[in-house]
Each structure stands twice: as structure tokens, then as C-alpha cells.
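Have a look at the structure below, then the notes.
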Amino acid sequence: MQDMTSGKPVVTDTTSTILDRAAEAAARATPDTLAKKVRGLSDRMVAWIFIAPTIVLLLAINIFPLIWAIQLSFTNYRANRPNEEIKNVGLQNYSRILNDADTWMAMQATAHFVFWTILLQTLIGFSLAYLIDRKFRGHAFWTTIILVPMMLSPAVVGNFWRFLYEPQIGLFTYIVSFFTGIPTTDILMLSSVKLAPWAIIIVDTWMWTPYVMLICLAGLRSIPDYIYEAAEVDRASNWRQFWSITLPMALPFIMLAVLFRGIENFKMFDMVNLLTGGGPGSTTEVASITLKREAFEKWRTGFSSAFAIILFVAVFGLANIYVKVLNRVKSR
Amino acid sequence: MKSTLKVSLGLAAGLAASTAMTGASQAEDLTLCWAAWDPANALVELSKDFTTQTGIGMKFEFVPWTNYADRFLNELNSKGKLCDLIIGDSQWIGGSAENGHYVKLNDFFDKEGIKMSDFVDATVVGYSQWPKNTPNYWSLPAFGDVVGWTYRKDWFSRPELQQEFKAKYGWDLDAPKTFAQLKEVAEFFQNREIDGKKVYGASIYTERGSEGVTMGVMDVLYSFGFKYENPDKPYEMEGYVNSDKSVAGLEFYKSLYDCCTPPGASNSYMGEGIDAFKSGQVAMHMNFAFTWPGLQKDEMVGGEKVGFFANPAGPDGEKLAQLGGQGISVVSYSDNQDAALQYIKWFANPEVQKKWWSLGGFSCLKAVVEDPTFPESQPYAKTFLDSMAIVKDFWAEPSYASLLQASQKRFHDYVVAGQGTAKEALDGLVKDWTEIFEDDGKI
């Protein structure tokens, strides 16, 4: 219902009157002291009150432990010797880590794992996204099916892949044996020094490729159709359209997926722990496994804090550089 | 109004009384922490008698072996009050004594007339004393355990296999007396088809994560002449840990792993070993004695099909075995120390110890294991006694965890991953262990 002359809703006055009355009633019902207090708060103060719980939580569970870990990293503290005097050892822990061959072996294993998983997941994930984006019949169903692995718990995935890799009863080894003719008992996916790193890469790729696909799919869907229509008018080939439109425009999304997976895989623990426990020998001992052993098996708390700080700085530094590159790509 | 008041007062009084009673019963309840395994179930059964006799309720916190050390060492290090009593691993004794986690029991033993001489000597040294071989007691030997072997007696007794074996190796197929014989038996069974199924020689410890490969390797190395240190100069390890005899022992363990274990057994410990034996995959099986009652009762491989033998002798005839097992201690952070000590007094009773053995717990009381009827009490009882007579344990120093992780890495790298030589692995181990003792200020 509108006022025919002004075109404004006729309910406006009535509504404002009702609201005013309600506000007055609320003000009257509010005890004086509280009312004064509330009236005395600035917008900024109210905003602070709302975000304070979050900030307190952040300080308590992120910043405080970080500062504490930094402090511990300069000491010889061991959590299993609560009565022992804590000595400041300066940069000794850092120097030991950086000069320790085992640490560099672990970093090498981590780099191998991160490089290959990201490469495979990006290639396969983007290819799948490209196919799904074609919107063929049943594409929604296949998208759901493809997403299933990433919805599973890593503990479940690790355990059932351990069975799949079993040399005597494993389905994976049976299939490989069927196609290659190699006896199943010779396919030692988790026991062979050469195969074990690849066994973990395969599982991680299987599980997390759908995640990369999803991000790439979002990127592909964000490209406006009119650009392709203009390219069609210009008689650009599919190949040309892919290289000049699809890939450049989806690139920020691909880079984002690489960033997420890179950070995740740099601190990969659960899958490796479940599948190989870092073995055979130390072949698959990635940095987080070494860190766990130092912190909770050897109980070298100061030493492991220093190691954690080094890893944190490495991930944080690389991620920052990467984000800068990503922003540059996006701004093009 | 009056009646309402009466009802309210009555309810309040009832509520207060019930709260007080609950509080009282909770204060009396004891929590015992241990690993989640068969003997723990036997202990639950046994402890019902304690509750009946004393009115003290028992609660149990059992954690799977893979997390046992992590979980309970965390609990002790954080001075947690979860456990009033703890059955901690033998290697924890040094750290727990020095860091004040356990209550020292000397005065209590004296007061209650509990004599350590009543318990098997090796278990007293292994589970109770710190420093070793001194009369300072931090726990009561609770569960004797040692690494030994089980074998498929039914396969070993098949005439055609016996004949073939004799023709090939020149001695009768039987439980091996030496490690050289053990390897021959393992080789004989490796990849052999028995009842239409491919079987393998032996299941041995190869686990990387906790302590598996170290327990297995040490079990063999001792009999080859391995020594932890110079007996005259503590912590001097050069020439002892990496002696020629130790190198030969480590090479033997690797050769056994390479030739005669099931495919993919690169991360195998107690559970995996039991699975391999129970599923009929292996002819012989290295494992702690606690597994024997379960295997004896097993429908598929138990009864007459299974045999037991103590660790075979090394090249020089020396025969030693890796000690397992634990002592029971009172946690110094517990608010129920008196009741916990009462439990230990009850547990040390010979009648309780007899029942403990009958339920599947491996008693360490001499009155039980030296009873003339003991060797015949179970098919594995004599092997258990023979094995307990030859035990040797890993370091029990406060830094045992670091020492253990160093050996886990060195042994797994060499035995399973095939990296380097046995000499390099043991030289590296001397270097690691020396560094740890230097950090501790012991060298």
C-alpha cells in the first residue's frame, strides 16, 4: 500500500511510531546505571567487546604457545625432566639442527613428497576440473563421486591403503601384478626403499586431488562465457582458447590450490605415520615425523621447539613470497 | 507449608548425604594404569578380590602398546593425578625414579615385611631397582616377561619334512638350539607350500615407531656377545657396542630378515607377529612370553600344534634374551597413596600371586615359579622359566627414550632399509649414545 501522491509506503509513519514507542519502553525498562553505561560506549568500544573473545582465544592458543616455543628453543628444556634446571643454550639448538645430516635428510624427504604430490594433484585436479566443466550428462554425479576421497578421515584412508598395499592380500598389489606379471610378493609398496615414498605420494594424490579439482573448477566457472564467444568470433582454436583464456584466468585459482596443498603437505604427518611410520629405515621420515620423535619420543623439548620454529619460518616465508607472486598474477 | 519445608529439608539432607557418600567412595577408588593387552584383562579379574577384601574400588586406564609410553610418560611428566598405580615399562625406572614420578618403596617394604629376595632376581634388578644393583626399590615386580620363540610343532613333526630337512642339513628338525640352526630352519620353511598355502620361515621384530626393531635386534645381539659398555668403565661403549661380535650379530639379524620373513614384514612388532603366527604364515615366531597363553589357547594354531623354546645360543654358546615385563609403582602425584600401597601389599601376597599366574599373569614371585609343579602347570611354563634365567635389559637410564630412538633409527636403517653396513650402524650408534650421555653430563 502506497501514498498515491508521494509514492512512499503509508506504513512508514506508523512503523516508526511503533519502533519509537518500543525503544522508549525498552529504555524505561533498562536500569539507569546500565543504560548510562551502554550509552557511554563508543562504536569502537562495542566493536572491541565483540572481537575480544576471539582475540583472547587467538592469543591463548596461537600466539602464547608460539612465544613460549620461541623461548624454549633457546634452552635445554626437556619435558620429561621437570625437576632439572633449565639452562639457556643460546643458538646451540638451531646450529645443531642446521648442521645435522638427519634433519637435512628429513627435509629432503619432505621436499620430494611436497613436490611430487603438488605436481600430480595440480595436473590431475585441473584436468578433472576441465572435464567436469564441460557439463556432460551426469557431471554432477561424477563430481560427487570424485569428491568422496577427500571427505574421508586420513586415519581411515591410511589404514585401508595399508591393506591395499599388502603384498599377499592387497588389491592394489594384485592389480599391479595382474598388469605387469610381477609376483605380488615382490611388490613391497611399504617395505621397499624405492617404492615407499611413492606409495605415500599415491595415497595423498588419491585423497587430495578432488580438493584441487574443486578449486580449479571454481576458477573455470568464474570465466565469463562472453570471452569464449568473442574468441569464437575471432575463430580462435580450442588450443588457443585454452592457452590464452582458460589457463591465464584460472591461474590464480590453481596457484591458490598449490598454496593450500603446499602448506598442508609440508606439515604432513598422519598419512605417513599410518602408512610407513617414516620407514623403511628413514626413507619416508618427513620433517613432521622427525619433529614428533624429537618432541615426544626423545623428549628434547628445547631442541624440538627450535626445529618447529625453523619449519614455521620456512613455511611462513615461502607462503609469503608465494602470496606476493599470486597477487601479482591476479593483478595482471 | 510445614510439610513442604519438611520435604525440602529431607531432600536436601538426602542429597547432601549422597553427595558425601559419592565423594567418599570416589576418594577410595584407585586408578591403575597399564597397557591394553590380555594380561590387563587378567588383572581386572584378579583385582575384584582386592575390592571384595578392602572395599576399595578399582578403575583401570589401559592404553594400546603403540601409545602406551607416549600417553603415560606424558601423564607422569605433567604430574597428572590420573594414575594412582602404574605398571610402567622396565626402562622407565631410571627416569621415573630420578624425576620423582614414583614413590620410593623401601620403607614400605620394610614395614610390611615384603622382601625383594622373594622375587626372581632378574625381575628385581630389571623392574624395581634404580640405580641398578643397589637396594633402592621403586616398584614391585608385577609381570615377568621375556622374548622367546613359538614354533609350529605340527609342521616340525611331519615325517616327510623331517626326512627332507635331515637330508639337507644333517640334523633332526626340531626346536633350534643355536641361532645358526634357527636360520637353517627358517630357510627350510621359507616359501614352502604346506597344505596348499605358501608359508615363511619366521616372524621377527622390525617395527620402527616405538621399540620393536631394537627389542628384536638386542634379543639376538646379546647371545652374539654384545655388551652395552665397558664393565670396568661405565658409559665407555667403543669396542663393546660395536665389537666384532656385535657386528656379526647385527649381520645375522639382517640376513634372517632378508632370507626368511614374510614379504612386507618391515614394520612388524608384537601384534603383527601374533597375526602372522595365528594365520599360519610362519613356522617360527619371535615374541614376548605374554603372547604364549593366547597362542596356546588358539583354535587354529594352539594346543598340540604349538611349541615353545627359549632364545637359542649364539656362536660362542652364550645364551641371553631380551627382558620385557614391568613392575607396579605408586605414582607420587596421587592423592590416594595409602590405598595404592595397600594394593601393592595385597598384590605381593603369595596366594594372590598364585592366582595371578593361573589367570595368565606371569608372576615374578619365587614361591610361584620355583614351585615343583610350576614347569608342568602350562605347556610354556618351563620355557618361561628357562628364558627368565637368561634375561638382559636395554638401558634403563633417564635418557632411555633418546637412547632407544637412536637404536631404532640405526637398526631399521640397516636391517630393513639396507643402508650402510652393520659396522657403520653400530659405530653410528656409539656416536649417538655417547652424545646423549654427554648431554646428560654422565661422560
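Scan segment A:289-321 for residues that are of a type in the set (Asp, Glu) and either more than 10 Å from chain B (Cβ to nearest Cβ) or in contact with a His (Cβ under 8 Å, 6 or more places away or on another chain) (or both) and report the count. Break it down into steps so the answer makes sense when it comes.
Here is the first cut: in segment A:289-321, the ones of a type in the set (Asp, Glu) are A:294, A:297.
In the following step, the residues that additionally are either more than 10 Å from chain B (Cβ to nearest Cβ) or in contact with a His (Cβ under 8 Å, 6 or more places away or on another chain) (or both) were identified as none.
Summing the residues that are of a type in the set (Asp, Glu) and either more than 10 Å from chain B (Cβ to nearest Cβ) or in contact with a His (Cβ under 8 Å, 6 or more places away or on another chain) (or both) in segment A:289-321 gives 0.
Among the residues of segment A:101-113, those identified as under 19 Å from the mean Cα position of the chain (by Cα) and within 11 Å of A:Pro197 (Cα to Cα) are A:Thr110, A:His112, A:Phe113.
Does B:Lys198 satisfy the criteria of being within 14 Å of another protein chain (Cβ to nearest Cβ) and surrounded by fewer than 24 Cβ atoms within 10 Å (Cβ to Cβ)? So B:Lys198 fits the description; yes.
When B:Lys227, B:Lys245 are checked against the criterion of being farther than 16 Å from B:Val147 by Cβ, surrounded by fewer than 23 Cβ atoms within 10 Å (Cβ to Cβ), touching a Gly at 6+ places or on another chain (Cβ under 6 Å) and at pLDDT 95 or above, a single residue qualifies: B:Lys245. If the condition is being surrounded by fewer than 20 Cβ atoms within 10 Å (Cβ to Cβ) and aromatic (Phe, Trp, Tyr), then segment B:78-108 contributes only B:Phe108. The residues of segment A:208-231 that are surrounded by 12 or more Cβ atoms within 10 Å (Cβ to Cβ) and over 27 Å from A:Leu259 (Cα atoms), listed by number, are A:Ile227, A:Tyr228, A:Ala230, A:Ala231. For B:Ser223, the test of being in a loop (DSSP other than H, G, I, E, B), under 22 Å from the mean Cα position of the chain (by Cα) and small (Gly, Ala, Ser) is failed. Within segment A:60-109, the set of residues being closer than 23 Å to B:Glu75 by Cα, hydroxyl-bearing (Ser, Thr, Tyr) and within 14 Å of another protein chain (Cβ to nearest Cβ) comprises A:Thr75, A:Tyr77. Would you mention how many residues in segment B:280-306 are of a type outside the set (Val, Ile, Thr) and under 27 Å from B:Phe226 (Cβ atoms)? Residues in segment B:280-306 being of a type outside the set (Val, Ile, Thr) and under 27 Å from B:Phe226 (Cβ atoms): 9 in total.
Test B:Gly201 against the criterion of being in the same structural domain as B:Gly418 (by TED's automatic domain parsing) and assigned to a loop (DSSP other than H, G, I, E, B), and give yes or no. Spelling it out, it is not the case that B:Gly201 is in the same structural domain as B:Gly418 (by TED's automatic domain parsing) and assigned to a loop (DSSP other than H, G, I, E, B). Of all the listed residues (B:Gln337, B:Gln353, B:Gln378), the sole one being modelled with pLDDT of 95 or more and surrounded by fewer than 18 Cβ atoms within 10 Å (Cβ to Cβ) is B:Gln337. Checking each residue in segment B:320-332 for being part of a loop (DSSP other than H, G, I, E, B), at pLDDT 95 or above and surrounded by 19 or more Cβ atoms within 10 Å (Cβ to Cβ) picks out only B:Leu320. Scanning segment B:143-177 for residues that are aromatic (Phe, Trp, Tyr), outside any helix (DSSP H, G or I) and more than 30 Å from B:Ile328 (Cα to Cα) yields B:Tyr151, B:Trp171.
Looking only at segment A:268-288, residues that are under 18 Å from the mean Cα position of the chain (by Cα) and either surrounded by fewer than 20 Cβ atoms within 10 Å (Cβ to Cβ) or at the interface with chain B (Cβ under 10 Å from one of its Cβ atoms) (or both) come to 2 in all.
Is it the case that some residue within segment A:189-212 is out of contact with any strand residue (DSSP E or B) (no Cβ under 6 Å at 6 or more places or on another chain), within 12 Å of chain B (Cβ to nearest Cβ) and β-branched (Val, Ile, Thr)? Yes: segment A:189-212 contains one or more residues that are out of contact with any strand residue (DSSP E or B) (no Cβ under 6 Å at 6 or more places or on another chain), within 12 Å of chain B (Cβ to nearest Cβ) and β-branched (Val, Ile, Thr). Within this structure, B:Glu193 fails the test of being surrounded by fewer than 23 Cβ atoms within 10 Å (Cβ to Cβ) and assigned to a loop (DSSP other than H, G, I, E, B). Note on segment B:91-116: residues that are away from chain A (no Cβ under 14 Å) and in contact (Cβ under 8 Å) with a residue 24 or more places away in the chain total 8.
So which of B:Ser210, B:Ser266 ends up being surrounded by 23 or more Cβ atoms within 10 Å (Cβ to Cβ) and either within 14 Å of another protein chain (Cβ to nearest Cβ) or in contact with a strand residue (DSSP E or B) (Cβ under 6 Å, 6 or more places away or on another chain) (or both)? The unique qualifying residue is B:Ser266. In this entry, A:Thr110 passes the filter for residues that are part of a helix (DSSP H, G or I) and closer than 30 Å to A:Pro252 by Cβ. Just one of A:Ile227, A:Ile223, A:Ile182, A:Ile200 is closer than 26 Å to B:His412 by Cα and of a type in the set (A, V, I, L, M, F, W, C); which is it? Among A:Ile227, A:Ile223, A:Ile182, A:Ile200, only A:Ile200 is closer than 26 Å to B:His412 by Cα and of a type in the set (A, V, I, L, M, F, W, C).
Residue-level check: of (1) of a type outside the set (Gly, Ala, Ser); (2) part of a helix (DSSP H, G or I); (3) buried (at least 20 other Cβ atoms within 10 Å of the Cβ); (4) at pLDDT 95 or above, B:Trp346 misses just (3). Among residues of segment A:122-153 being among the small types (Gly, Ala, Ser) and buried (at least 17 other Cβ atoms within 10 Å of the Cβ), the one that is nearest to the chain's Cα centre (by Cα) is A:Gly125.
Within the span defined as segment B:294-315, one or more residues are modelled with pLDDT of 95 or more, in a loop (DSSP other than H, G, I, E, B), in contact with a Pro (Cβ under 7 Å, 6 or more places away or on another chain) and not assigned by TED's automatic domain parsing to the domain that holds B:Gly55.
When restricted to residues that are more than 10 Å from chain A (Cβ to nearest Cβ), in a helix (DSSP H, G or I) and farther than 21 Å from A:Lys298 by Cα, segment B:405-428 contains 3. Return yes or no: is B:Ala401 within 9 Å of chain A (Cβ to nearest Cβ) and either of a type in the set (S, T, N, Q) or touching a residue at least 24 places away in the same chain (Cβ under 8 Å) (or both)? Against the criterion (within 9 Å of chain A (Cβ to nearest Cβ) and either of a type in the set (S, T, N, Q) or touching a residue at least 24 places away in the same chain (Cβ under 8 Å) (or both)), B:Ala401 qualifies. When segment B:133-186 is examined, which residues are found to be of a type in the set (D, E, K, R) and buried (at least 18 other Cβ atoms within 10 Å of the Cβ)? B:Asp145, B:Arg152, B:Lys183, B:Glu184, listed by residue number. How many residues does segment B:45-76 hold that are within 14 Å of chain A (Cβ to nearest Cβ) and surrounded by 19 or more Cβ atoms within 10 Å (Cβ to Cβ)? Number of matching residues: 6.
The values are calculated or read from the model by the stated rules, or taken from the named source; none is laboratory data. For clarity, every value in this text was computed on a predicted model and none was experimentally measured. For neighbour counting, all protein chains shown are included, and Cβ atoms are generated from backbone atoms with ideal geometry for every residue, glycine included.
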